[in-house]
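First up is the structure itself, then whatever we jot down about it.
Laboratory data are not the source of any read-out in this text; all were calculated from the coordinates shown. This one's a predicted model, so the numbers in the text were calculated from it and none came from an experiment. Cβ sites come from the backbone with ideal geometry, for glycine too, and all protein chains shown count toward neighbours.
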Amino acid sequence: MKVVETSTLAGISDWQTKFKESKVPFSISSDAFLTKCHTLICNDQRISLELGIQLFNHNNLSGIFALANLIKKSRYENYVYFNENLHVNTTNICVLACRFCAFRKGPRHSEAYSLNVKEYLEQIKPFANRIDEVHSVGGLHPEWTIEHYEELYRESKKRYPHIMIKSLTAVEIKHIANRSELSIEDTLIRLSDAGLDSLPGGGAEILVDSVRNRICRGKESSDEYLNIHKIAHNLDISTNCTMLFGTVETLEERSIHLDKLRMLQDETNGFQCFVPYPFLPDNSRLPEAQLASLNEILRVIAISRIMLDNIPHIKAYRMNLGSKVASLALLAGADDIDGTVSHEEIMQEAGSKARLDTDSDELSRLIESIDSIPIKRNTLYTEFSIYQRKLNDHSRRLPISQQA
């Protein structure tokens, strides 16, 4: 695999100029409202919260997708990013019982587990030679303190120094800090010193407390989520951010969520990637969930790209969406498809049917199927290379149309 200069593959820093020079699709130019949005972007102006709400209600879906794709192409041309990663969930025991969560178990449940350090490392071992990231989140364990996580990260770095550790949601950090009688800042400093590289950004759900009180009462508040990420950014710990949509939130509340994220990004510039994913209802306890259709999923991804002008990457999270929907999302503003994953429990427990045996060759085929170029990246989006598939990989792969 030939390594190319980072500046070539990292995207176009002056993407607004490229955007202004790009041909405007008819689905935009024939629509007065989308033309207004296009003009604002050309003039380096932000799509306001109010315009964002209008985008969620606008009936020209093809035009919204085209505008998002135009922004994405202006930033990254035909590049689509992925990495070679593994998900290892540390425990499914949790002191909370969020209504949308099918993963959580009580400590006496027959399927409850808590990985010790040795067990955690053994889960990584079979994949260690072909991954560069381990993604670890879990429940709020009633007994673990910061010392457990410090040992986990130190031993991981000692045994697998080439693997970056992306771990802990904001509520996990809050829980660890409380259990250990530490401030959030001191908790993050100690975890970073032990080997934590970045935060995955999960648990944002919808950053409106009236929604959080209905679906995840007891978790951190909206302000606490944002403040924990702000502290991480100020410590030079990069993070992702997320949105769980399709539960009980309104379209206005989705727009508020996006606006809050970009306001923090204005201040800290610490978010690398935004990961929107729809609620999966199969095994959860939220019967009043509104559920997102395919069109709505793609609309959310597209509007995320349009509104989040200061967050570099938008991820089509394949483990939630499945390969077919993820490939469509890459045509509606998303530029990243996460990674190989290899093992995953949270989305699978929630009802995801996405395959866990997808390797880098297959991801690259998916990306190439939409006339894009697969770019292998690291966790921090600082190293990039064009991924070259094995010549004979087509002999053992399903067509994209047959994948989940």
Fill in the blank from the handout: In nm, the gap between the two label points placed 7 Å beyond Cα toward Cβ at residue 21 and residue 223 is 4.6
Problem - Exposed-loop-free span, longest in the chain, where trypsin sites (Lys or Arg not before Pro) count as exposed if DSSP calls them loop and at most 14 other C-beta atoms lie within 10 Å - result: 131-216
Practice task
Can you pull the one-decimal nm distance between simple spin-label points at residue 60 and residue 42, each 7 Å off the Cα toward Cβ?
Solution key: 1.4
Practice task
Starting from the exponent 0.38 and prefactor 2.2 Å, build the expected Rg for region 79-389 from its residue count and divide its actual Cα Rg by it.
Solution key: 0.93
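For residue 373 and residue 285 in one chain, what is 0.36 nm times their gap in residues minus the Cα-Cα distance, to one decimal in nm? Before the final figure, lay out the partial values.
Numbers: separation 88, 0.36 × 88 = 31.68 nm, distance 4.01 nm.
Difference between extended and current length: 27.7 nm.
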Exercise for the section: May I ask you to list the residues of region 90-104 whose amide nitrogen lies under 14 Å from a point 7 Å from Cα along the Cα→beta-carbon direction of residue 178? Expected result: 94-98
Exercise for the section: State the cysteines of the chain left without a partner when partners are defined as other cysteines whose beta carbon lies under 4.7 Å away. Expected result: 37, 42, 94, 241, 273
Handout entry: For region 81-181, average projected area of the Cα convex hull in nm²
Key = 7.3
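What FRET efficiency comes out for residue 35 versus residue 386 if R0 is 30 angstrom and r is the Cβ-Cβ distance? Round to the nearest 0.05. Don't skip to the end; give the middle numbers.
Working: r = 36 Å, r/R0 = 1.19.
So, using R0 = 30 Å, E works out to roughly 0.25.
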Handout entry: Convex hull volume per residue for region 6-76, taking Cα atoms only, in Å³
Key = 88
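Using the crude model of +1 on Lys and Arg Cβ and -1 on Asp and Glu Cβ, and no other charge, please compute the dipole size for region 79-389 relative to its Cα centre, in debye to 20.
Values: 35 positive and 46 negative charges, 118 e Å.
With only Lys, Arg, Asp and Glu charged at Cβ, the dipole is about 560 debye.
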Exercise for the section: Along Cα→Cβ, 7 Å out, is where each label goes; now give me the distance between the ones at residue 95 and residue 155 in nm to one decimal. Expected result: 2.3
Handout entry: Anchor residue 157: aspartates and glutamates whose Cα lies under 16 Å away (excluding residues fewer than 8 positions away in-chain)
Key = 119, 122, 132, 133, 147, 193, 197
